[in-house]
Amino acid sequence: TVLIADDAVTTITPARKGGFIKLLVDSATAEAGEYPQDHLSGEVFFDCGTSLHIAKSTGISSISGDLDVSTSDVTGSTGTDGHVTVAVQAGVIKIENRTGYQMRFNYFIYS
């Protein structure tokens, strides 16, 4: 679990270069899981090795929601305003919060 301020980024170093990351995003002002944001949450396949690749899993409801993916670097003001962007760079996964609020990101990495 990590709190990310609005227009900010956190960096995660996965144990392996590829796999899946599941995100459950919820309000930072309440108990964890009390206000889950399904349109910002989802599952993403990633490869942060030599051939950067990232794609949303097609089996989740947020495939057309406000969860974006990118192989470009994110800085806190890079992605779409109102969205969450999950990006890969060499050896890391970056999560950018542009929701307008500080949010709690619960994540699980399978690799």
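List of remarks:
- Listed by first and then second residue, the pairs linking a residue in the range 4-27 that is within 13 Å of GLU43 (Cα to Cα) and in a strand (DSSP E or B) to a residue that is among the charged types (D, E, K, R) and open to solvent by less than 50 Å² (accessible area, probe 1.4 Å), with Cβ atoms under 8 Å apart and 6 or more places separating them unless they lie on different chains, are PHE20/GLU43; ILE21/GLU43; LYS22/GLU43; LEU23/GLU43; VAL25/ARG104.
- Among the residues of the range 82-106, the one identified as open to solvent by 40 Å² or more (accessible area, probe 1.4 Å), more than 14 Å from VAL69 (Cα to Cα) and modelled with pLDDT of 95 or more is ALA90.
- When residues of the range 60-71 are limited to those that are of a type outside the set (Val, Ile, Thr) and open to solvent by less than 70 Å² (accessible area, probe 1.4 Å), the one modelled with the lowest pLDDT: SER62
- If you go through the range 20-32 and keep only what is open to solvent by 50 Å² or more (accessible area, probe 1.4 Å) and farther than 12 Å from TYR107 by Cβ, you end up with THR29, GLU31, ALA32.
Listed here are the residues, each with its yes/no results for (1) surrounded by 16 or more Cβ atoms within 10 Å (Cβ to Cβ); (2) touching a Leu at 6+ places or on another chain (Cβ under 9 Å); (3) within 17 Å of THR71 (Cα to Cα).
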{"site": "THR13", "(1), (2), (3)": "no, no, yes"}
{"site": "GLY18", "(1), (2), (3)": "no, no, yes"}
{"site": "GLU34", "(1), (2), (3)": "no, no, no"}
{"site": "GLU43", "(1), (2), (3)": "yes, yes, yes"}
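- Number of positions in the range 1-11 that are under 13 Å from VAL84 (Cα atoms), open to solvent by 20 Å² or more (accessible area, probe 1.4 Å) and β-branched (Val, Ile, Thr): 2
The values are calculated or read from the model by the stated rules, or taken from the named source; none is laboratory data. Computed from a predicted structure; not experimentally measured. All Cβ positions, glycine included, derive from the backbone under ideal geometry; neighbour counts span all protein chains shown. Quick note on the areas: whole protein, heavy atoms, side chains included, nothing else; ligands and nucleic acids left out. Shrake-Rupley method; radii C 1.70, N 1.55, O 1.52, S 1.80 Å.
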